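Okay, structure first, notes after.
Here, each number is a calculation from the coordinates, and none is a lab measurement. This one's a predicted model, so the numbers in the text were calculated from it and none came from an experiment. For neighbour counting, all protein chains shown are included, and Cβ atoms are generated from backbone atoms with ideal geometry for every residue, glycine included.
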Amino acid sequence: MIFLLSGLSLLVAAAFAVISMRNHRRGNAVFATLVVAGCGLGIVPAVQVLYSATAVRSGFASALPGGDWIFGIDPLSAVFLIALFGVGAAAAVYGVGYMAFDSRTPAWPCHALFALELVALALVVCAQAIMPFMGAWELMAIGSLLLILTEYRHAEARRAGLIYIVATHVGTLALFAMFAVLARTSSDWSFSALATGTTSPSGARIAVLALALVGFGVKAGFVPLHFWLPPAHAAAPSHVSALFSGVLIKVGIYGLLRVITLVGPPPAWWGWLVLGLGLSSAVLGVLWALAQHDIKRLLAYHSVENIGIILMGLGAGALGQAYGHPSLAILGYGAALLHTLNHALFKSILFLAAGAVYRLTGTRNMEELGGLARRMPLTWLAFVVGSAAIIGVPPLNGFVSEWLVFQTLFRAGFSADALRIAVLAVPGLALVGGLALACFVKVGGVVFLGTPRSSRSLSASKPGLLLDGPPLVLAAVCVFIGCLPVLVLPPMLIAGGFVAGVPLLPLEARAMAAAVGAREISIMAAVLALTAAAIWLIAQGLRRTVPVRQSETWGCGYPLPSARMQYTASSFAAPLLEIFGKLSGVRAHRGASVFHSESVDLILDGAVVPWWAVIERAALRLRPLQQGRLSRYLMYVISTVVALLAYLLVRAGDR
Amino acid sequence: MRAPEFMMHAATLVVVMLLAPLIPGIASRTRSILTARRGAPVWQLYSDLWKLLRRGSVYSRTTTVIFRLVPIALLACVVVSASMLPLDGRSAMLRFPGDVVAFAYVLALGRFVLVLGALDTGSSFEGMGASREVTFAALVEFGFFIALASLSVATHELSLSGMLGSRALAVTWASSAPALIMIVGGLFVLLLAECSRSPVDDPTTHLELTMIHEVIVLDHSGPDLAMILYANALKLSVIGALLARVAMPTMGLSYAMRLGVLVAGLFAVGIGIGVVESSMARLRLPKVPLYIAGGSALSAFALILLLQ
């Protein structure tokens with residue numbers, strides 16, 4: 001605990017340092033150093049808890065209503081702390097370089113808020129009672145709103161902030177209701193008391209699980225609650241997008257898992273619901289991502305997809321619990337947690353690399369980019385590793401967690417009860433993998449390969465170490481997890497066992513990781529590397545024996561190729577989007593000599609905004625009530641008092 | 001795994017690697033016989049590869065390092081996926097729970113690099129081919145995993161070696177043959193799509209606009225092209241071997257017999273491709289998803305039968 005507290009203090013100190021040294025040359029360097037040191041200290045107890053399968057906690061006596069303020073680290077919070085501090089440190093260092101490009105927006109408010117947001121996120125996952133949890137939850141919500149508004153001069157950012165604040169408060173409302181139901185039968189408001197008081201009637205449990213799905217679902221952003229996510233991720237600075245996608249939305253997943261530890265094994269319908277939501281979220285998320293032209297919006301939709309994959313693991317785990325297969329539950333939850341960590345890593349790489357592209361070219365529109373691999377080779381390297389990880393190919397970390405989710409679903413197919421129907425989700429997940437491959441070939445190919453499609457990408461240069469270093473470090477971690485899952489899987493299984501209510505000893509977790517084949521993944525990675533190396537040697541030998549020359553790309557004999565003749569991102573994605581028809585959300589406008597297509601969000605533009613207009617019109621009807629005359633308002637007050645008095649009289653008469 | 005057994009698996013892999021260029025030859029020979037033409041000899045691909053190995057290479061000035069990685073990554077991925085398949089009918093060199101997923105995803109890694117290499121040239125034709133390739137591959141992946149899930153449900157196994165090399169497959173053939181017949185049919189439909197054969201792609205076309213797979217490798221030449229052509233032939237053999245092992249369980253047989261069954265199965269796949277190619281034309285592109293959906297539906301029926 002002392003490490004975590006000092007780490008958090010360093011983060012707060014970093015915020016104050018960057019504010020007080022805002023006109024100082026070294027302010028940013030001090031800020032970055034303090035954040036990295038704070039994250040480094042904070043990650044120590046999390047790793048310790050996770051590898052030793054223990055938990056630490058400490059309480060602060062409070063005179064306020066709501067009981068003591070208890071904070072602690074258990075295996076579940078430790079996973080999220082590791083993702084938070086790992087991504088946080090990399091994104092903060094990157095942020096210093098990123099914000100320096102924009103001379104009009106002062107950087108210090110963003111930096112200070114970023115450090116404080118890290119603290120708020122850490123408090124959310126460490127809170128062990130209702131009061132500190134909700135307090136930290138609101139701090140987190142407000143902090144992220146202000147971070148979205150960093151570039152408040154753009155109308156786009158203001159709109160994204162508005163949508164976000166409405167969405168997050170709907171979620172908070174659901175959480176208040178959920179905790180109210182939970183706390184009814186418990187002695188105090190600490191999580192440990194809530195967990196022991198779960199002999200509550202099944203109606204209350206249904207209410208809690210349903211409200212959790214809404215309250216935490218808005219934050220996690222699965223379909224149809226994802227609508228705030230693409231605008232917010234697109235409008236925020238790129239390192240903030242990385243933090244949002246890597247950690248903030250994962251807090252929703254944390255909340256769902258935490259609720260499972262509070263109410264015990266969820267009923268089967270909840271598991272099926274979560275699995276179904278996960279599958280639809282994964283398929284629709286990647287489909288909508290394919291339709292995007294804005295590189296950051298595209299990445300945001302991929303977060304919707306990956307939240308779906310995480311939910312599939314979570315749902316399979318819940319089903320394992322519901323049907324009484326504890327090992328399946330551990331595997332499912334462990335897969336969900338590992339994918340949470342992995343997604344935090346590779347999605348941060350992608351957002352940071354996309355941010356570097358945006359800064360160096362001034363556009364996020366893929367149709368204006370191209371040929372950046374030659375101009376930004378290190379950014380390209382990081383991006384291609386991140387892409388390979390997100391589509392889930394070996395030997396990278398994304399493969400390990402998707403393979404675990406697959407394995408959970410395959411194993412579910414072996415059972416004799418209704419659980420075996422869960423195997424039907426297998427082809428769905430495979431389709432998601434195939435679509436993700438298409439999508440990242442599109443991004444990587446159109447943005448980085450070929451020839452520049454506009455002067456903006458023609459004039460791009462190397463972004464420098466501050467923008468290239470952090471994503472490359474994260475890419476190295478992705479390769480490490482992908483090649484040596486045997487080191488990372490056991491702690492995830494410990495956390496999964498913690499959620500499933502089957503505590504595992506480190507030794508048991510290692511045995512289970514070996515049983516599912518974690519070691520062989522390393523062997524496969526080694527075989528892949530050795531085979532490729534051997535073939536490379538042969539290829540080099542063969543290439544040396546023949547004459548080699550350079551020429552233009554073959555254009556079927558056409559002598560004057562131009563960059564505009566290249567395939568565009570839209571045409572690349574068109575065949576796949578046409579298969580899915582209206583579901584893909586692409587609206588095409590055809591004229592005699594023009595063709596223009598745009599993608600709309602089926603939920604935001606199709607449902608939320610129209611319904612919002614209906615509510616607004618209804619609210620306007622209430623306008624006459626509010627006229628600004630004091631006499632009117634006094635009349636309202638008096639009539640309310642009279643009505644209450646009448647109510648009391650009637651009640652007294654009844655007795 | 002004991003050393004002699006391992007040598008057996010390795011020897012089978014070497015046999016398959018040597019025979020791979022023969023299968024497309026058998027397909028085209030079948031076609032030429034059925035359409036009463038003289039046709040190319042069966043070992044045409046061997047001589048093509050030998051010729052390409054001595055030809056010079058031309059690299060486009062637009063391309064980067066990823067273009068030169070394509071033949072290496074593609075071939076490495078196909079070889080590694082082959083090492084996860086129980087070619088000799090009993091076990092693979094590499095087996096672990098969930099290696100079915102690894103098998104498909106290693107092939108996907110090869111495709112990822114291949115398609116990026118196509119976009120690396122900046123050619124509009126290759127962009128078009130890349131777009132078609134990833135579109136159909138995503139759909140094929142869907143159908144392929146339905147077949148894998150059915151096999152896993154039938155045999156209660158998580159690895160290819162367990163599914164295809166154990167007694168469980170023979171037991172399933174005895175108990176629910178209709179389901180397995182549908183899986184075999186579905187896999188053959190998907191094989192034609194995945195390995196770019198008719199009716200999805202026409203390997204004999206000379207018009208870039210109608211190509212899928214050929215157009216992606218338009219800018220590769222010399223030894224690079226030889227390696228890519230070889231990798232494609234090997235991929236056809238690998239998926240053909242998977243099909244052969246599902247269709248013909250060889251549990252109790254001796255090693256020589258099992259190898260014979262494998263080679264016979266591969267030849268049968270080649271003849272099957274030739275028969276399809278000589279009897280039907282390439283489908284219009286918008287019809288291809290329906291074709292793949294049909295293949296997937298076959299496996300889906302099998303899965304429903306087995307889940308009953």
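Of note:
- Taken over the Cα atoms of the protein assembly as shown, the convex hull encloses 199 Å³ per residue.
- Shielding of peptide A:408-419 by partners, expressed as the average count of other chain Cβ atoms within 10 Å per residue Cβ, is 3.
- Judged by the mean number of other Cβ atoms found within 10 Å, the most tightly packed of the peptides A:84-93, B:188-197 leads the ranking A:84-93, B:188-197.
- Rounded to 5, percent antiparallel among DSSP beta bridges of the protein assembly as shown: 75
- Here the residues B:Lys235, A:Lys219, ranked from fewest to most Cβ neighbours within 10 Å of their Cβ, fall in the order B:Lys235, A:Lys219.
- Counted over region B:161-206 with a bin width of 5 Å, the fraction of Cα pairs per bin, in whole percents, is 5, 19, 16, 18, 13, 11, 10, 5, 3, 0.
- Only one residue of B:Leu34, B:Phe96, B:Leu187 has its Cα farthest out toward the positive end of the dipole of region B:3-307, where Lys and Arg carry +1 and Asp and Glu -1 on Cβ, and that residue is B:Leu34.
- Computed 3J(HN,Hα) for region B:293-308, one whole-Hz value per residue from the Karplus formula 6.51 cos²θ - 1.76 cosθ + 1.60 where θ = phi - 60°, is 4, x, x, 5, 4, 4, 5, 5, 4, 4, 4, 5, 4, 6, 7, 3, glycine and proline marked x.
- R0 of 60 Å, Cβ-Cβ distance B:Leu207-B:Val14: FRET efficiency to nearest 0.05: 0.95
- Rounded to the nearest 500, the helix-only mean residue ellipticity at 222 nm of the protein assembly as shown stands at -23500 deg cm²/dmol, with each DSSP H run of n ≥ 4 adding -39,500 (n - 2.57).
- Ranking A:Gly370, A:Ile43, B:Ala154 by how far each Cα lies toward the positive end of the dipole of the protein assembly as shown (charges on Cβ) leaves A:Gly370 at the top.
- In sequence order, calculated HN-Hα J values of region B:148-154 (Karplus, 6.51, -1.76, 1.60; Hz; x Gly/Pro): 4, 4, 4, 4, 5, 5, 5
- Neighbourhood net charge (14 Å Cβ-Cβ; Lys/Arg +1, Asp/Glu -1) for B:Ser131: -2
- For A:Ile70, distant residues with modelled amide H under 5 Å away: A:Phe60, A:Gln128, A:Ala129
- Gain in span if fully extended, A:Ser597 to A:Ile206, counting 0.36 nm per residue against the direct Cα distance: 136.4 nm
- Charged-residue dipole, Cβ positions (Lys, Arg, Asp, Glu), the protein assembly as shown about Cα centre, Debye nearest 20: 1120
- Across region A:579-647, Cα-Cα distances exceeding 17 Å account for 70% of all pairs.
- Simple spin-label estimate for A:Thr363 and A:Arg57 gives 5.5 nm between the two label positions (7 Å along the Cα-to-Cβ direction from each Cα).
- Legend: residue pairs A:Lys347/A:Lys582; A:Lys582/B:Lys287; A:Lys219/A:Lys582; A:Lys250/A:Lys442; A:Lys250/A:Lys347; A:Lys219/A:Lys296, Cα-Cα distance threshold 23 Å; pairs beyond threshold, A:Lys347/A:Lys582; A:Lys219/A:Lys582; A:Lys250/A:Lys442.
- Ranking A:Ala336, A:Leu487, A:Leu360 by Cα position along the charge dipole of region A:265-540, where only Lys, Arg, Asp and Glu carry charges on their C-beta atoms, puts A:Leu360 farthest toward the positive end.
- Shielding by partners - mean other protein chain Cβ count within 10 Å, residues of A:493-504: 0
- Length gained on full extension, A:Ser9 to A:Arg184: 59.5 nm, using 0.36 nm per residue less the C-alpha separation.
- Backbone HN-Hα couplings from phi across region A:446-463 [Karplus 6.51/-1.76/1.60, Hz, Gly and Pro as x]: 6, 7, 9, 9, x, 10, x, 8, 7, 5, 4, 7, 5, 8, 5, 10, 5, x
- For A:Gly370, the residues whose amide H sits under 5 Å from its own are A:Arg453, ignoring neighbours fewer than 5 places away on the same chain, with H placed 1.01 Å from N.
- Sites A:Val473 and A:Gln550 - FRET efficiency at Förster radius 56 Å, r taken between beta-carbons, to 0.05: 0.95
- Förster-model FRET efficiency, 51 Å R0, B:Ala174 and A:Val650, C-beta, rounded to 0.05: 0.05
- Think of each Lys and Arg Cβ as +1 and each Asp and Glu Cβ as -1; about the Cα centre, that makes the dipole of region A:265-540 roughly 640 debye.
- Take the Kirkwood radius over Cα pairs of region B:214-308, plug it into Stokes-Einstein at 20 °C and 1.002 mPa s, and you get 130 µm²/s for translational diffusion.
- Projecting the alpha carbon convex hull of chain B along each direction and taking the average yields 15.8 nm².
- By the count of other C-beta atoms within 10 Å, a proxy for reagent exposure, A:Val251, A:Val170, A:Val432 are ordered fewest to most as A:Val170, A:Val251, A:Val432.
- Order of A:Tyr636, A:Tyr51 under a 10 Å beta carbon neighbour criterion, fewest first: A:Tyr636, A:Tyr51
- Potential lengthening between A:Gln626 and A:Val642 on full extension [0.36 nm per residue; Cα-Cα distance subtracted]: 3.7 nm
- Under-5 Å amide H pairs with A:Val548, H placed in peptide plane, nonlocal only: B:Ser57
- With the convex hull drawn around the C-alpha atoms of region A:152-257, the volume per residue stands at 102 Å³.
- Rh by Kirkwood over Cα pairs, then Stokes-Einstein D for region A:265-540 at 1.306 mPa s and 10 °C, µm²/s: 82
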